[in-house]
1. How large is the dipole of segment 26-92 about the Cα centre if only Lys and Arg carry +1 and Asp and Glu carry -1, each at its Cβ, rounded to the nearest 20 debye?
2. Collect residues whose amide H, placed 1.01 Å from N in the peptide plane, falls under 5 Å from the amide H of Val20; neighbours closer than 5 in sequence don't count.
3. Tabulate in residue order the Karplus-calculated ³J(HN,Hα) for segment 16-32, using 6.51 cos²θ - 1.76 cosθ + 1.60 with θ = phi - 60°, rounded to whole Hz; enter x for Gly and Pro.
4. Sort the following peptides by mean Cβ neighbour count (other Cβ atoms within 10 Å, averaged over residues), highest first: 64-76, 44-56.
5. Taking amide H positions as placed 1.01 Å from N in the peptide plane, with prolines and chain starts having none, which residues 5 or more places from Val47, or on another chain, fall under 5 Å of its amide H?
6. For segment 77-94, what does the Karplus curve 6.51 cos²θ - 1.76 cosθ + 1.60, with θ = phi - 60°, yield as ³J(HN,Hα) per residue in whole Hz, taken in order and with x for Gly and Pro?
7. For Thr11, what accessible surface area do you get with a 1.4 Å probe? Give it in Å², rounded to 10.
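The values are calculated or read from the model by the stated rules, or taken from the named source; none is laboratory data. Everything numeric here is computed off the predicted structure, so don't read it as measured data. Heads up, the Cβs are rebuilt from the backbone with ideal geometry, glycines too, and the neighbour counts pull from every protein chain shown. Each accessible area value is taken on the protein alone, full model and side chains, heavy atoms only, with ligands, DNA and RNA left out. Shrake-Rupley method; radii C 1.70, N 1.55, O 1.52, S 1.80 Å.
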Amino acid sequence: MSDRDMGDVGTRLLFEDDRVRVWQVRLAPGEQGAVHRHELDHLLVQVAGDRIAVVPEPDSAGPFRDYLEADVVPGAVVAVRRGGVESARNVGTQPYLEVVVELKDRG
């Protein structure tokens, strides 16, 4: 599955320097984002919405290897290890907004 096209981690790149890359993720109710690979450890910051799902691909090596639905908690920050190959699906009734902060290796 490594020859497939991968989408971006987010819907819009907000900022990038030598230490971090910051993405915005916006999904309308029922919308699913592109399949993407997380090459970097990252922080997920939930901003708005009511329910979100992670849809992992069979070759995902990240922490989310099974389909997962969860309530959105605005202001919640989740640290996630690299390796995930997945997409996000808004399974709620409200627009979903999240910020993803990718942490670049320093060394």
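1. In total the dipole reaches around 120 debye.
2. So Val20 has HN proximity to Lys104.
3. After applying 6.51 cos²θ - 1.76 cosθ + 1.60, I find 8, 9, 6, 10, 9, 10, 10, 10, 9, 10, 10, 9, 6, x, x, 7, 10 Hz.
4. 44-56, 64-76
5. Distant-sequence amide H within range of Val47: Gly75, Leu97, Glu98, Val99.
6. 10, 10, 8, 10, 6, 5, x, x, 10, 6, 9, 10, 10, 7, 9, x, 10, 10
7. Roll a 1.4 Å probe over it and Thr11 shows about 80 Å².
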